[in-house]
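Trainee: Pasting in a structure now, in structure tokens, and then I'll have a few things to ask.
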Amino acid sequence: MPTSNAVALICAFTFALMLARPASADASQAANADHSCTYSPKTRADVLHFEHCAWSDAAGRTHLKRRHRLALNFDQYGLASVNIAGGWYYVRRDGRLARVMTMDNWAEPFADGLARSPVGSKIGFINRNLTLVIPPRYDGALPFEHGWAEVCIDCKLTSDGEHSWHEGGRWGCIDHHGRERETFGPGRHAGQVCRNDGSP
């Protein structure tokens, strides 16, 4: 049996480990806080840049430090936009993040309640709860308009200076649930797939 001194040493060591865990977690978090951020704080009208304000966990999920989240200017839907490591995100007050496409050098606004969200090399759509409601299965997509969105498969992104567009592939028109209005087909281009008068 261990002596009373040995038991005391074991207890002291265990207590020291318990105290060290939060510090260790903070140190690990700080070590991984390698992303910079750009956003407009609620106390300032201009856009500011911050170093080491976010980090990625082992699963590749991005997290924003609490003090930066508290500094954000949240809208009526409880969302704020922040640029992390060159990509735009919407963030909720509870810290949940979702990546969105860039439009006019800012986070793409929601259209018909949805916004395009890149996941890997594909594009899906999120709602204002930052839930991915249309899976990321498209190689290109335009924002929703009048209840429909033009999307493409096997298309390629082409750029000319600040302007970018998708070419080739098969284009289709989807509703808010990702249902296709008609079969995806080649030979069509962005802006020619969905009728923009609101009728199917």
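The values are calculated or read from the model by the stated rules, or taken from the named source; none is laboratory data. All figures in this text were calculated on a predicted structure; none of them were measured in a lab. Methodologically, a virtual Cβ is constructed for each residue, glycine included, from the backbone with ideal geometry; neighbour enumeration extends over all protein chains shown.
Trainee: Has the range 97-105 got at least one residue that is surrounded by 19 or more Cβ atoms within 10 Å (Cβ to Cβ), more than 20 Å from T38 (Cβ to Cβ) and at pLDDT 95 or above?
Mentor: No, the range 97-105 contains no residue that is surrounded by 19 or more Cβ atoms within 10 Å (Cβ to Cβ), more than 20 Å from T38 (Cβ to Cβ) and at pLDDT 95 or above.
Trainee: So, one more: One residue is enough: does the range 57-71 have a residue meeting the conditions in a strand (DSSP E or B) and touching a residue at least 40 places away in the same chain (Cβ under 8 Å)?
Mentor: Looking through the range 57-71, none of the residues is in a strand (DSSP E or B) and touching a residue at least 40 places away in the same chain (Cβ under 8 Å).
Trainee: Suppose we filter G187, G178 for residues that are surrounded by fewer than 17 Cβ atoms within 10 Å (Cβ to Cβ), at positive phi, modelled with pLDDT of 90 or more and out of contact with any His (no Cβ under 8 Å at 6 or more places or on another chain); which single one remains? Steps first, answer last, please.
Mentor: On the way: G187 fails: modelled with pLDDT of 90 or more.
So the residue among G187, G178 that is surrounded by fewer than 17 Cβ atoms within 10 Å (Cβ to Cβ), at positive phi, modelled with pLDDT of 90 or more and out of contact with any His (no Cβ under 8 Å at 6 or more places or on another chain) is G178.
Residue by residue, here is whether (1) within 16 Å of the chain's Cα centre (by Cα); (2) crowded, with 22+ Cβ neighbours inside 10 Å holds:
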site	(1), (2)
L130	yes, no
V133	yes, no
Y138	no, yes
H146	no, no
C155	no, no
D160	no, no
W165	no, no
G169	no, no
